[in-house]
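Taken together, the values in this text are just the output of simple stated rules run on the coordinates, not laboratory data. Given the structure is predicted, the values throughout are model-derived calculations rather than measurements. Neighbour counts run over all protein chains shown; Cβ positions are idealised from the backbone, glycine included.
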Amino acid sequence: MDNILLIFFIFLRIISNPAANALQKSLSLNYSSIVINIFTYAFLSIFCLFRINEIFKYDISLTFIFLVITCGFLCTLGMICMIKAVNIGELSVIGPINSYKSIISLLIAMIFLKEIPSFSGFIGIILIAYGSWFFFKGDDNQKISIIKRKDIQFRILAMTFTAIEAVLLKKVIILSSPEVCFIYWCFTGFLWSFILLFLLKKTIVLPSIKSIDKIFIISVCLGIMQFSTNYVFEKINVAYALSLFQLSSIVSVLFGYKFFHEKNILSKLIGSVIMIIGSCLIITGETFVKS
């Protein structure tokens with residue numbers, strides 16, 4: 001039963017993240033990334049008020065507070081950079097770049113969580129990273145100049161912030177639970193979005209009724225994404241979990257083609273297949289539910 005539930009949450013995570021990114025890309029044409037962030041976290045925080053009693057079931061130490069505040073800060077920065085990236089670039093390219101997060105998190109998790117990958121898991125992570133290069137075939141820019149693109153730079157920043165956040169989130173989950181971690185994630189994200197709004201001297205633009213509907217759906221997608229992430233982090237290693245999440249790249253490619261008419265889909269799908277093979281190696285190298 002636990003394995004079935006884990007697979008279910010992995011599936012939810014794979015679908016919900018690109019769905020949120022597609023809507024963020026649509027809204028970013030009219031609203032700043034910080035404004036989208038604030039209203040997204042506002043909806044999530046209101047929902048969490050109904051479960052606020054859960055956070056009082058666990059001891060709150062200074063270490064725990066530091067981890068929660070830092071996670072909120074890193075996630076807020078990561079989401080702002082992600083919205084900037086999808087606004088400038090193609091969803092079918094920006095999504096797959098995330099495959100490198102598993103490598104960053106692997107190094108961090110090895111140091112702080114003592115999570116050592118198996119040989120097949122390590123090869124799987126390499127294949128996922130290699131497969132992502134197929135998403136740039138046919139691009140007008142040469143691969144050597146990809147790093148100079150603003151959309152890629154924002155994506156790398158978002159990936160780095162959230163990779164570090166992922167390792168710290170695992171610590172928060174160990175000290176509490178996936179649900180409590182989710183509640184703190186929503187509240188601190190809302191708090192940091194407001195702080196950054198004032199620090200960057202941005203003006204809050206009230207969304208239209210139609211845009212509010214989209215922001216609400218984004219909130220639902222991100223809520224599902226984050227709770228699913230927390231649940232999976234509780235069960236398996238962070239690096240492996242993030243690698244499996246890269247299967248969402250396929251969804252990003254299809255969404256990019258369907259909703260934004262992005263090109264070079266065949267090459268991107270080939271890259272996706274390579275990433276699936278890498279994910280299969282990761283699955284065979286890791287027991288889903290720890291004993």
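The chain gives an Rg/Rh value of 0.95, both radii derived from C-alpha positions and Rh following Kirkwood. The residues neighbouring residue 255, those whose beta-carbon lies less than 12 Å from its own, together hold a net charge of +1 under the Lys/Arg +1, Asp/Glu -1 convention.
Among 184, 240, the order by Cβ neighbours within 10 angstrom, fewest to most, reads 184, 240. For the range 144-195, the spread of Cα coordinates along the three principal axes comes to 44, 26, 13 Å, biggest extent given first. Peptide packing for 254-267, 148-161 was compared via the average number of neighbouring C-beta atoms within 10 Å per residue; ordered from the highest value, the list is 148-161, 254-267.
Each 10 Å bin from zero holds the following percent of Cα-Cα pairs in the range 34-88: 19, 40, 31, 9, 1. Cβ-Cβ distance of residue 174 and residue 119, R₀ of 25 Å, FRET efficiency by 1/(1 + (r/R0)^6): the value works out to about 0.45. Given their separation in residues at 0.36 nm each and the Cα-Cα distance between them, residue 258 and residue 209 gain 15.2 nm when the chain is fully extended.
For the chain, the membrane-span-like helices by this rule, meaning whole DSSP H stretches whose C-alpha atoms cover at least 27 Å of axis and whose Kyte-Doolittle mean is -1.0 or above, are 2-27, 62-88, 150-175, 178-199, 209-235, 265-284; this says nothing about an actual membrane. Could you pull out the pairs from 150/258; 25/268; 25/150; 170/258; 150/201 whose alpha carbons sit more than 27 Å apart here? 170/258, as the Cα separations exceed 27 Å there. Extension gain, residue 200-residue 11: 0.36 nm per intervening residue step, less the Cα-Cα distance, totals 64.4 nm. Counting beta carbons within 10 Å around each of 31, 130 and listing the fewest first gives the order 130, 31.
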